[in-house]
Amino acid sequence: MTTTLIEEIDKARLPKHVAIIMDGNGRWAKMRNMERSAGHVEGVNTVRKITEIASQVGIDYLTLYAFSTENWNRPQAEVDMLMHLIVVAIERETADLIKNNVRLNMIGDFSRMPAAAYERLTRCMDDTAHCTGLVLTLALSYSSRWEITEACRRIAADAVANEISVADINDETVGRYLSTAGMPDPDLLIRTGGDVRVSNFLLWQIAYAEIYVTQTFWPDFDKDQFCRAIIEYQSRERRFGRTSEQLTQ
């Protein structure tokens with residue numbers, strides 16, 4: 001089925017950047033009378049599958065919401081397990097990332113991360129720095145309000161230092177101070193698990209992203225469903241505030 005779906009995708013109209021809110025690990029486990037940790041473990045397997053299909057289809061950027069700043073408020077045992085699982089999974093997959101020419105990237109408030117976890121993840125980033133294919137970005141200890149607030153602080157500091165002019169500050173200026181600087185804004189935002197909200201994720205960047213919500217929990221989200229999301233994206237008319245007639249012209 002996956003091969004057939006890939007053939008339906010118009011390679012000339014691919015989204016350059018796909019962002020995903022990976023939701024439903026805990027509910028997936030609860031429905032099976034399993035510990036929440038089992039859902040997170042299965043969710044890691046899904047990350048590998050979706051990274052593979054995104055690279056195969058030809059997506060340039062894939063950004064995954066792996067751990068929000070709000071997630072620090074979860075029970076400490078679950079937080080510790082998630083941090084450990086993320087680090088171990090990335091270290092395990094680094095060889096395959098290199099094999100598939102995937103470059104690992106991270107965004108977030110790293111000051112809140114355990115030092116050992118941060119060091120191990122940055123080592124994996126260094127190991128894939130030479131890769132020129134898909135850029136896989138993990139949003140870890142991330143929230144968009146934190147990111148925008150930090151950008152405002154840095155802009156203000158540079159304005160005080162006369163490194164930028166207040167009169168010259170515009171949308172592009174703000175973009176350069178965000179953690180996603182140098183990356184295109186997401187064209188497609190996928191949310192699994194059925195909730196219809198963006199949960200403090202890339203609020204600035206998804207201003208004109210197409211949003212695709214599925215009831216499927218993240219551990220069950222597979223390559224076929226990813227392809228269907230791309231096909232659905234390609235069926236939409238992206239007007240960016242203009243009219244259909246203007247697009248035709």
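Coordinate-derived values only; no laboratory data. These numbers were taken from a predicted model, which means no experiment stands behind them. With ideal geometry, Cβ positions are generated from the backbone for all residues, glycine too; neighbour counts draw on all protein chains shown.
Could you check region 16-37 and list, in sequence order, the residues that are closer than 20 Å to residue 81 by Cβ, out of contact with any Leu (no Cβ under 9 Å at 6 or more places or on another chain) and either of a type outside the set (Lys, Arg) or in contact (Cβ under 8 Å) with a residue 24 or more places away in the chain (or both)?
Once the filter is applied, which keeps residues that are closer than 20 Å to residue 81 by Cβ, out of contact with any Leu (no Cβ under 9 Å at 6 or more places or on another chain) and either of a type outside the set (Lys, Arg) or in contact (Cβ under 8 Å) with a residue 24 or more places away in the chain (or both), region 16-37 yields 23, 24, 25, 26, 27, 28, 29, 31, 33, 34, 35, 36.
Got at least one residue in region 126-143 being under 20 Å from residue 52 (Cβ atoms) and assigned to a helix (DSSP H, G or I)?
Yes.
State which residue pairs qualify: first residue in contact (Cβ under 8 Å) with a residue 12 or more places away in the chain and inside region 76-105, second residue among the acidic types (Asp, Glu) in any location, beta carbons under 6 Å apart, and separation of 6 or more residues or different chains.
So the pair list comes out as 94/127.
Looking only at region 144-165, how many residues end up being surrounded by 11 or more Cβ atoms within 10 Å (Cβ to Cβ), part of a helix (DSSP H, G or I), hydrophobic (A, V, I, L, M, F, W, C) and over 20 Å from the mean Cα position of the chain (by Cα)?
Looking only at that region, the number is 5.
Quick check, is residue 174 among the β-branched types (Val, Ile, Thr) and either out of contact with any helix residue (DSSP H, G or I) (no Cβ under 9 Å at 6 or more places or on another chain) or exposed (fewer than 15 other Cβ atoms within 10 Å of the Cβ) (or both)? Give the steps one after another, and end with the answer.
Numbers: among the β-branched types (Val, Ile, Thr): yes; either out of contact with any helix residue (DSSP H, G or I) (no Cβ under 9 Å at 6 or more places or on another chain) or exposed (fewer than 15 other Cβ atoms within 10 Å of the Cβ) (or both): no.
So residue 174 does not fit the description; no.
I'm trying to understand the selection: among the residues of region 98-125, which are within 15 Å of residue 52 (Cα to Cα) and either out of contact with any Asp or Glu (no Cβ under 8 Å at 6 or more places or on another chain) or not in a helix (DSSP H, G or I) (or both)? Even if it seems obvious, please write down each step before you answer.
Start the filter on region 98-125 by keeping residues that are within 15 Å of residue 52 (Cα to Cα), which leaves 98-104.
Result: 99, 100, 101, 102, 103, 104.
Would you confirm whether any residue within region 54-61 is part of a strand (DSSP E or B) and of a type in the set (S, T, N, Q)?
Among the residues of region 54-61, not one is part of a strand (DSSP E or B) and of a type in the set (S, T, N, Q), which makes the answer no.
Just one of (1) within 21 Å of residue 198 (Cβ to Cβ); (2) surrounded by 13 or more Cβ atoms within 10 Å (Cβ to Cβ) trips up residue 121, so point out which.
Condition not satisfied by residue 121: (1).
Are there any pairs, at least 6 apart or on different chains, whose C-beta atoms fall under 7 Å, with the first in region 1-15 and surrounded by 11 or more Cβ atoms within 10 Å (Cβ to Cβ) and the second among the acidic types (Asp, Glu) and in a helix (DSSP H, G or I), and if so, which?
2/224; 5/224
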